[in-house]
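The values are calculated or read from the model by the stated rules, or taken from the named source; none is laboratory data. Please read all numbers here as calculations on a predicted model, not as lab measurements. Neighbour counts run over all protein chains shown; Cβ positions are idealised from the backbone, glycine included. Side chains included, ligands, DNA and RNA excluded: accessible areas come from the protein's heavy atoms. Shrake-Rupley method; radii C 1.70, N 1.55, O 1.52, S 1.80 Å.
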Amino acid sequence: ILTIVFYSAITMSCDKHPNTQGDTIQNQIAAFPKETLSGKEFNGLLKMREEEKLAYDVYTALNLKWNVMIFNNIKSSEQRHTEAVLSLLSKYNIEDSAANIGAGVFTDTSLQRIYNQLLSIGNISHLDAMTVGATIEDLDIYDLQKLLLDSDNQDLTFVYNNLLKGSRNHMRAFYGQIISNGGTYRAQYITQQELEEIVNSPKETGAWRKQK
């Protein structure tokens, strides 16, 4: 069972990649060699596909509920994250398990349970919605760190490092909203020390840019 805990919290690079600033994410990923996928790398891609969908679906629903800019902005970022993971699935000819299923629907039963619970909590109040956002980014950071340990393909590490950078930025944004609204957030997946280091460090700049 996912538990949202409120405590007082003290307010915390990417691998080398082709020089393709301004290029599409898809082209940046394609510039890396296609390497053999291990079983852990294969399963990790499927997991991250649905986890990025979860973030996008929750933020979309909470944006409709509360109509606050942070969800609209981060929702757009999550869409780019999803496109990056989909590019990897396409590159390695992996079927997209999340294709043609509706918002809020997941093949991973644990993610389905988390989605249902987080959406229920996020609909209670604006502060609860911000806490849900921090919880999702907390989980993303934790899982991406594990995926990086299990991956050595250059394109996977490039994408995961960029997703990780984005999730840290999102955590900074949600955490700031929680504090400014009189709430507190304590790490649930990463360590409390990691959380404090993230929220006490400057916003990171991304390595990829969306082409207009």
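Sorted by average packing, counted as other Cβ atoms within 10 angstrom per residue and highest first, what order do 168-180, 104-116, 84-96 take? Each step should come with its number before you reach the end.
Working: 168-180: 20.5, 104-116: 15.1, 84-96: 17.0.
Going by the mean number of other Cβ atoms within 10 Å, highest first, we get 168-180, 84-96, 104-116.
Cross-link candidates for K203: which lysines have Cα within less than 25 Å, leaving aside residues fewer than 8 places away along the same chain?
K16, K53, K75, K146, K165, K212
Provide the FRET efficiency to the nearest 0.05 for the S38-Q112 pair, computing r from the beta carbons and using R0 = 30 Å.
Numbers: r = 26 Å, r/R0 = 0.88.
E(calc), rounded to 0.05, equals 0.70.
On the accessible surface of the chain, probed at 1.4 Å, how many percent belong to carbon and sulfur atoms? All intermediate terms of the calculation are to be shown ahead of the outcome.
Numbers: 5050 of 10100 Å².
Of all accessible area on the chain, carbon and sulfur atoms account for 50 percent.
When Lys and Arg each count +1 and Asp and Glu each count -1, what net charge do the other residues less than 14 Å away from G176, Cβ to Cβ, add up to?
On the way: positive: R168, R172, K203; negative: E137, E196.
So the environment of G176 carries a net charge of +1.
Please state the charge dipole magnitude for the chain, taken about the Cα centre, from unit charges on C-beta atoms (+1 on K and R, -1 on D and E), reported in debye and rounded to the nearest 20.
Charge dipole of the chain: 500 debye, to the nearest 20.
Based on DSSP H runs of at least 4 residues, each adding -39500 (n - 2.57), what is the mean residue ellipticity at 222 nm of the chain after dividing by all its residues, to the nearest 500 deg cm²/dmol?
Details: 7 runs with 130 residues, N = 212.
Calculated at 222 nm, the ellipticity per residue is -21000 deg cm²/dmol.
Ranked highest first by average number of other Cβ atoms within 10 Å, how do 119-131, 29-41 line up? Intermediate values should be presented prior to the final figure.
Values: 119-131: 18.2, 29-41: 14.3.
Most protected by this proxy first, the peptides run 119-131, 29-41.
Per residue, how much accessible area does the chain show when a 1.4 Å probe rolls over the protein heavy atoms, in square angstrom?
Values: 10100 Å² over 212 residues.
Value for the chain: 48 Å² per residue.
Describe numerically, in nm with one decimal, the distance between label points set 7 Å from Cα along Cα→Cβ at N100 and at K65.
About 3.1 nm, to one decimal.
Counting only residues 5 or more places away or on other chains, whose amide H sits under 5 Å from the amide H of R186 once H atoms are built in the peptide plane?
V5, Y7
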